[in-house]
Structures are given as structure tokens and as C-alpha cells.
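Participant: Dropping a structure here in C-alpha cells format, bear with me for questions.
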Amino acid sequence: MIFAPIGAFGGMAYTISKYGIDTLVPLAKLMATVYITMAIFIFGALWLILKYYRVSILKYLNYIKRRAPGCIREHRHLKPPFLQ
């Protein structure tokens, strides 16, 4: 995993040198689609769910940012601070 970025860079460098910079346009479109979809989900669907349960989306996102996914399983009995 340490050398994965170097391999990805090498693969992109080879592709661009062989086929030109235009090969990055579909990749840029894909990345834009992914980020737009994530934003719509977080600030659309997730916001509606959190609003229904009267939870602030900013507190919820901050809570997720501070917690590692493995730590949540260890502390199931504790309530998150935004629900108290």
C-alpha cells in the first residue's frame, strides 16, 4: 500500500504520454460526478433524516470526523454527544 500512489502515478503518466492529455477528461467527469453525488447525499438525503430526528448535521459530521470506524463498535453503549 505504500507504493500504490507511485504505481497509480506511473500508470497515469504512461497513459497520458501515449494517448495525450484528453484521456483525463472522462476521469475528471467521473470524479466530478462522484463528488456531486456525495454532496447531494450528505446535504440532501442525510440532512432530511437528521432533521427528522432533530440532530444538527454539523454536529453529526463533526462527530463522524472525530471518530474512527473501529472505535464505534467498542463503545456501543455510549451515546454520541449530539444525541444527549
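Participant: Of TYR60, TYR14, which residue is modelled with pLDDT of 90 or more and of a type in the set (Ser, Thr, Tyr)?
Facilitator: Details: TYR60 fails: modelled with pLDDT of 90 or more.
After applying the criteria, what remains is TYR14.
Participant: Could you please let me know if ALA13 is small (Gly, Ala, Ser), out of contact with any Phe, Trp or Tyr (no Cβ under 6 Å at 6 or more places or on another chain) and closer than 20 Å to ILE64 by Cβ? Please lay out each step first, then the result.
Facilitator: Numbers: small (Gly, Ala, Ser): yes; out of contact with any Phe, Trp or Tyr (no Cβ under 6 Å at 6 or more places or on another chain): yes; closer than 20 Å to ILE64 by Cβ: no.
In short, no.
Participant: Checking LYS51 against (1) within 30 Å of MET12 (Cβ to Cβ); (2) modelled with pLDDT of 90 or more, which test does it fail?
Facilitator: LYS51 satisfies all of (1) within 30 Å of MET12 (Cβ to Cβ); (2) modelled with pLDDT of 90 or more except (1).
The values are calculated or read from the model by the stated rules, or taken from the named source; none is laboratory data. Remember, it's a predicted structure, so these values are computed and weren't measured experimentally. Every residue, glycine as well, gets a Cβ built from its backbone with ideal geometry; the counts of neighbours run over all protein chains shown.
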